Amino acid sequence: MTDRLSPGDVAPDFTLPADTGEEVSLADLRGRKVIVYFYPAAMTPGCTKQACDFTDSLESLRSAGYEVLGISKDKAAKLATFRERDALTLTLLSDESLDVHRAYGAHGAKKLYGKEVEGVIRSTFVIGEDGTVEVAQYNVKATGHVGKLRRDLGLD
């Protein structure tokens, strides 16, 4: 099983391709607060709900100093279709190798319909300006998660 991150841990750095074709590096965002969330698959009902919720909250999150990065194993081209189809405004990153998922403990054994399987663990991390993990949440629910996160961060 992949080790999970905890508050106080240094957030693993990464550089991943975005749906726009550019590369995004966590190191380039140092000095800003970053919400990184991992989701199983673009254009599925739960992942769409979560991405739309983040998009709906993006302006207020950014005004509070947060950048939002959504990471999945989907190819960048599929993420571009996802962005266009659902009018998403957050940054979507592709981690086809799952290396970044594993570094964050967001891929591994999980229960699905009562069976243990290997897969993406829906997870959210808040990374502070200094690059350390402030919040690490695993097995989050797609629906209602953004609202709960906003409350946890004192934004509502």
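The values are calculated or read from the model by the stated rules, or taken from the named source; none is laboratory data. Values in this document were obtained by computation on a predicted structure and should not be read as measured data. Here the Cβ is made from the backbone with ideal geometry for all residues, glycine too, and neighbour counts use every protein chain on show.
Miscellaneous remarks
- Hey, G70 buried (at least 20 other Cβ atoms within 10 Å of the Cβ), touching a residue at least 12 places away in the same chain (Cβ under 8 Å) and at negative phi or not: yes
- Count - residues of the stretch 91-118 that are more than 13 Å from F14 (Cβ to Cβ), buried (at least 21 other Cβ atoms within 10 Å of the Cβ) and of a type in the set (A, V, I, L, M): 1
- In summary, no strands (runs of 3 or more DSSP E) completely within the stretch 1-107 bear 2 or more residues that are farther than 16 Å from H145 by Cα, more than 15 Å from the chain's Cα centre (by Cα) and among the β-branched types (V, I, T).
- Residue within the stretch 38-52 that is buried (at least 18 other Cβ atoms within 10 Å of the Cβ) and of a type in the set (F, W, Y) present: yes
- Residue within the stretch 43-61 that is within 19 Å of A18 (Cα to Cα), in contact with a Pro (Cβ under 6 Å, 6 or more places away or on another chain) and of a type in the set (S, T, Y) present: no
- Selection from the stretch 22-53 of residues that are of a type outside the set (A, V, I, L, M), in contact (Cβ under 8 Å) with a residue 12 or more places away in the chain and under 19 Å from D99 (Cα atoms): S25, Y37, F38, Y39, P40
- When residues of the stretch 120-148 are limited to those that are of a type in the set (A, V, I, L, M) and at pLDDT 95 or above, the one surrounded by the fewest Cβ atoms within 10 Å (Cβ to Cβ): V135
- Test: T124 is touching a Gly at 6+ places or on another chain (Cβ under 9 Å), closer than 21 Å to A27 by Cα and not hydrophobic (A, V, I, L, M, F, W, C): no
- Residue identified as over 20 Å from R102 (Cβ atoms) and among the acidic types (D, E) among D19, D9: D19
- Any hit, the stretch 55-69, residues being over 19 Å from V36 (Cβ atoms) and of a type in the set (K, R): no
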